[in-house]
Ligand code: C2E
Ligand code: MG
Ligand code: MG
């Protein structure tokens with residue numbers, strides 16, 4: 001039976017040749033091949049087929065097949081992308097299944113092969129250098145498929161071809177591949193208009209071209225992203241910083257500061273695909289995105305390790321959640337008399353072999369990839385389930401406090417979810433406290449405030465988490481009527497001056513009380529801290545001094561022991 005992959009292109013005998021002509025402009029070689037016989041085929045003007053030469057002989061002096069490098073017929077009806085190396089040259093081959101309706105109404109299945117030869121690019125480079133840009137010659141030679149229309153520099157395809165050619169020509173040279181991105185470029189268009197946006201991009205490409213010199217390759221690979229490949233130079237960073245300064249001065253406006261970041265990858269092996277080199281430069285770039293002080297970051301192997309870790313966290317997440325690898329640990333919240341009144345639920349990821357992974361290794365990754373809401377909903381449900389188990393037991397009085405990530409507001413109706421959980425498990429909303437970080441509240445608009453009001457109206461207690469860590473703490477208190485303020489001790493611990501710290505603490509505690517808020521001090525580690533905080537008027541505490549976060553059973557034991 002005929003196997004047909006999912007992504008099949010459909011043509012008729014009339015449309016297939018014009019489509020093929022377009023492809024020929026985009027690729028070094030585009031051809032139809034018969035899947036079984038490994039022969040080139042053409043669709044004639046009368047709508048019939050003509051079989052040509054054996055396809056592997058066409059482009060490859062080794063007489064090997066483009067699909068499998070063997071000598072046998074091997075084309076399948078599946079989309080395949082591959083890179084082949086023959087005689088020191090690189091061939092990028094895409095094989096796409098195609099169905100063609102012929103003149104006699106039969107449907108013929110074959111493959112469209114799209115092949116790029118990397119040595120072809122030398123010709124393009126020469127062409128660009130000589131400014132031989134008459135429209136016809138450029139279009140027929142595929143100039144537009146390798147160049148960015150607006151800036152006139154290369155595009156991604158052109159970049160790959162030229163970099164490959166450069167490295168082939170001078171394989172002993174050491175190379176740097178750079179990835180660049182302009183910060184918040186969208187704002188330029190909206191603040192100053194598209195025309196200014198375009199001319200800024202053109203000017204940036206000119207500045208970068210000067211940086212590249214005659215021995216480098218420059219391309220615009222996306223709206224506000226550039227790629228560069230240059231032979232390694234000792235004073236590269238100094239030269240680049242000069243160009244960055246020039247670029248920054250292109251826009252002088254109080255409402256927007258133009259800034260550009262560069263990731264740099266030092267190529268160790270010129271045989272790896274250009275896309276991987278560029279990915280690594282981009283990985284380095286990601287580490288300084290938005291950073292005002294640092295504009296250049298170099299790739300190192302830990303970035304690759306981190307990226308692999310990130311990818312694994314993301315790709316395995318749904319499975320791991322389903323298989324119960326995420327559990328809650330409870331950290332007691334204790335009153336001034338030493339009694340446990342409730343606990344904060346903190347998620348832990350336990351691998352099948354028993355290793356525990358702390359939140360900082362995965363929460364941030366999940367937040368960036370919009371998976372955090374699934375995890376949080378899962379944790380909230382575990383908390384609700386636990387509260388319902390405690391009903392009628394000696395733990396009935398305890399409350400549980402759950403964390404809400406800023407991203408949750410975008411993906412779930414937080415209030416609605418919490419209300420449904422209370423109904424499902426038949427628990428009182430006042431038993432479920434909701435911790436929202438100060439930063440989530442500060443960055444947010446009316447929407448979140450409305451959610452908070454709704455939660456409070458329904459009887460949930462809302463806590464502002466990590467108060468003091470962010471920068472807009474005070475104005476936040478003006479606008480948000482939360483029930484509990486959790487002061488993060490970390491920010492005071494770092495400061496040397498206890499007297500000043502105490503004045504701040506006392507004032508914050510007093511202010512919270514006057515605003516009808518309870519205060520919980522988080523991160524209490526020593527008896528001295530506890531005593532001091534008690535004197536300053538704080539009534540509730542959480543921290544290693546009492547207990548680290550522990551499994552539910554251990555927490556229950558702690559509560560029992562406390563009573564005894
Ligand atoms: P957080 O909500 O501020 O939680 C308090 C963190 O401080 C916990 O770290 C806790 O173990 C730690 N801690 C408590 N007492 C002390 C102390 O005395 N000294 C020190 N140095 N640390 C203390 P953990 O469990 O690693 O959680 C870190 C953060 O991860 C949490 O900060 C929270 O922002 C996030 N997180 C944890 N679980 C969840 C969750 O289910 N969902 C979401 N969205 N975030 C979570
Ligand atoms: Mg918290
Ligand atoms: Mg906290």
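Odds and ends about this structure:
- Of the residues 556, 453, 522, the single one that is within 16 Å of ligand 3 (Cβ to nearest atom) and under 40 Å from the mean Cα position of the chain (by Cα) is 522.
- Among the residues listed as 365, 357, 340, 350, the single one being in contact with a strand residue (DSSP E or B) (Cβ under 6 Å, 6 or more places away or on another chain) and modelled with pLDDT under 95: 357
- Across the range 363-396, the number of residues qualifying as within 16 Å of ligand 2 (Cβ to nearest atom) and buried (at least 16 other Cβ atoms within 10 Å of the Cβ) comes to 10.
- Counted residues, the range 508-519 - those being within 15 Å of ligand 3 (Cβ to nearest atom) and more than 15 Å from residue 467 (Cα to Cα): 0
- Residues considered: 40, 10. Of these, the only one that is at pLDDT 85 or above and in a strand (DSSP E or B) is 10.
- Selection from the range 183-216 of residues that are more than 20 Å from residue 292 (Cβ to Cβ) and in a loop (DSSP other than H, G, I, E, B): 193, 213, 214, 215, 216
- Test result for residue 318, assigned by TED's automatic domain parsing to the domain that holds residue 542 and either surrounded by fewer than 16 Cβ atoms within 10 Å (Cβ to Cβ) or out of contact with any strand residue (DSSP E or B) (no Cβ under 6 Å at 6 or more places or on another chain) (or both): yes
The values are calculated or read from the model by the stated rules, or taken from the named source; none is laboratory data. This is a predicted model, so every value here is computed, not measured. Every residue, glycine as well, gets a Cβ built from its backbone with ideal geometry; the counts of neighbours run over all protein chains shown.
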